[in-house]
Every structure is written in C-alpha cells, then in structure tokens.
Amino acid sequence: MRNCTIETVTGDIVNFKGDAIVNAANNSLLGGGGVDGAIHSGAGPQLLEECRQHGGCPTGEARVTLGYNLEVKYIIHTVGPVWVGGDSGEQNLLASCYFSCLKAAKELKITRIAFPAISCGVYGYPPKPAAKVAVESLKTYSATLNLYCKFTIFCFNRSMSITYNEILNLSHER
C-alpha cells in the first residue's frame, strides 16, 4: 500500500466529501433502508431515475451513477451478499463487491472513495469477517496502483468502527 491509506469513521456516509461513495444497495437499485435509503434521500430524485435505467444489479457487481445532491461526483452501487452461515460463497461475493467497486473507481480515476460496512446491516454479515474481507480487498487493490488513494470506511456505530479498526491494525502488523 505504498501511496494508499485506509481509515475508518463512525458516521453517516452521505456527509463524505470526495470523489465517490459506495452504496450498499439491493438488487433493484431503487432504494431501500439503511445506507441505501440515506444515499437515495440525500442524492435526490434524479438518483432514482438514473438507477431505473440500470435495470438492477446482481450480487457482487457494481453500477455507477452521478452523485447529484451529495458532495461526491459518483455513487458506486454494489449489492452485498446476505449472510446465510458462511458456507454459501458469501466471502467471495463480498470480495467481489469491493473489487467491482474498485475496478469502476480505477476506470473513473477516482482516488478518494468512501465505503460502508457492506452487508453488515440487514444482510446480517458478521462484522469481523466482513472487516477482514474489506481490508484485504482494499490492500490487495491498492498494491496494484501507482497513485495516491484514500479509502474511508464509514461504520454506522462505534462498535462496528472498533471492529474495523482492530482488523485494520492487525493488517498493518503483518
């Protein structure tokens, strides 16, 4: 991770000021609860109209829209896996979410991007394994870059932030 940093923040991702935020969306991309609902609400009705044009998004993939009323140029929507015990490919699907988002970011020359704790809300993914996938994915990706980048992981509460920070600190010790 030569020129890249990863930080965690406890707070609302819609307040991020940077190049892009990642939306933990549902397959329809038409809004929902949690992060998805907050992003749709903050971005305004134009986001819903653009999302309709995408016709949905499969789990593990990503779609890009404009940021509209948010203080980012882009929103990268990804659909995380629903946790069903860990033996149904959830880890690979979650890693695919990160890599799909990062591939889109690279194509758009995005260097400052915010991620939520994908799948850790109503999709039930346990925070510690989710944090491991997130940190490893971001570190693997950043090792391929020759430019500065900053990843911010927004956690919806202090407990989640502590978990992500523990994993991040462990990854620095290796």
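The values are calculated or read from the model by the stated rules, or taken from the named source; none is laboratory data. The structure presented is a predicted model; accordingly, all values stated were derived computationally and were not measured. Counting neighbours? That spans all protein chains shown, and the Cβs are built from the backbone with ideal geometry, glycine included. With ligands, DNA and RNA removed, areas are computed over all heavy atoms of the protein, side chains included. Shrake-Rupley method; radii C 1.70, N 1.55, O 1.52, S 1.80 Å.
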Those residues of segment 109-139 which are in contact with a Phe, Trp or Tyr (Cβ under 8 Å, 6 or more places away or on another chain), free of Cβ contacts under 8 Å to residues at least 40 places away in the same chain and of a type outside the set (A, V, I, L, M, F, W, C) amount to P127
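Could you list, in sequence order, all residues of segment 65-77 that are closer than 14 Å to Q46 by Cα, over 12 Å from the mean Cα position of the chain (by Cα) and crowded, with 18+ Cβ neighbours inside 10 Å?
From segment 65-77, those closer than 14 Å to Q46 by Cα are 65-70, 73-75; that's our starting set.
Now drop any that are not over 12 Å from the mean Cα position of the chain (by Cα), which leaves 65-70, 73-74.
Passing the criteria: T65, G67, Y68, L70, Y74.
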Exception for T5 within (1) without any contact (Cβ under 8 Å) to a residue 60 or more places away in the chain; (2) within 24 Å of A130 (Cα to Cα); (3) open to solvent by 20 Å² or more (accessible area, probe 1.4 Å) falls at (1)
The residue that is nearest to G11 (Cα to Cα), considering only those in segment 132-160 that are touching a strand residue (DSSP E or B) at 6+ places or on another chain (Cβ under 8 Å), open to solvent by less than 10 Å² (accessible area, probe 1.4 Å) and among the hydroxyl-bearing types (S, T, Y), is T152
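Within segment 81-92, is even one residue within 22 Å of K150 (Cα to Cα) and more than 15 Å from the chain's Cα centre (by Cα)?
Filtering segment 81-92 down to residues within 22 Å of K150 (Cα to Cα) leaves none.
No, there is no match, as no residue in segment 81-92 is within 22 Å of K150 (Cα to Cα) and more than 15 Å from the chain's Cα centre (by Cα).
Every residue, every condition in (1) of a type in the set (S, T, N, Q); (2) closer than 17 Å to G18 by Cα; (3) within 16 Å of the chain's Cα centre (by Cα), yes or no:
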{"site": "F99", "(1), (2), (3)": "no, no, yes"}
{"site": "K109", "(1), (2), (3)": "no, yes, no"}
{"site": "A117", "(1), (2), (3)": "no, no, yes"}
{"site": "R158", "(1), (2), (3)": "no, no, no"}
{"site": "L168", "(1), (2), (3)": "no, no, yes"}
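Sort out which residues of segment 11-31 are polar (S, T, N, Q), closer than 27 Å to K139 by Cβ and surrounded by fewer than 16 Cβ atoms within 10 Å (Cβ to Cβ), and write them in order of number.
Keep residues of segment 11-31 that are polar (S, T, N, Q), which gives 15, 23, 26-28.
This time we only want the ones that are closer than 27 Å to K139 by Cβ, so: 15, 23.
Scanning segment 11-31 gives a single hit, N15.
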Reported set for segment 83-131 where residues are within 19 Å of I39 (Cβ to Cβ) and open to solvent by 40 Å² or more (accessible area, probe 1.4 Å) is L108, R112, G121, V122, Y123
Inside segment 157-174, the number of residues satisfying the requirement of being modelled with pLDDT under 90 and of a type in the set (D, E) is 1
Condition set touching a helix residue (DSSP H, G or I) at 6+ places or on another chain (Cβ under 6 Å) and among the polar types (S, T, N, Q), scope segment 5-35, selection nearest to E166 (Cα to Cα): answer is T8
Within segment 32-60, restricting to residues that are open to solvent by 20 Å² or more (accessible area, probe 1.4 Å) and not in a helix (DSSP H, G or I), the one that is farthest from V82 (Cα to Cα) is G55
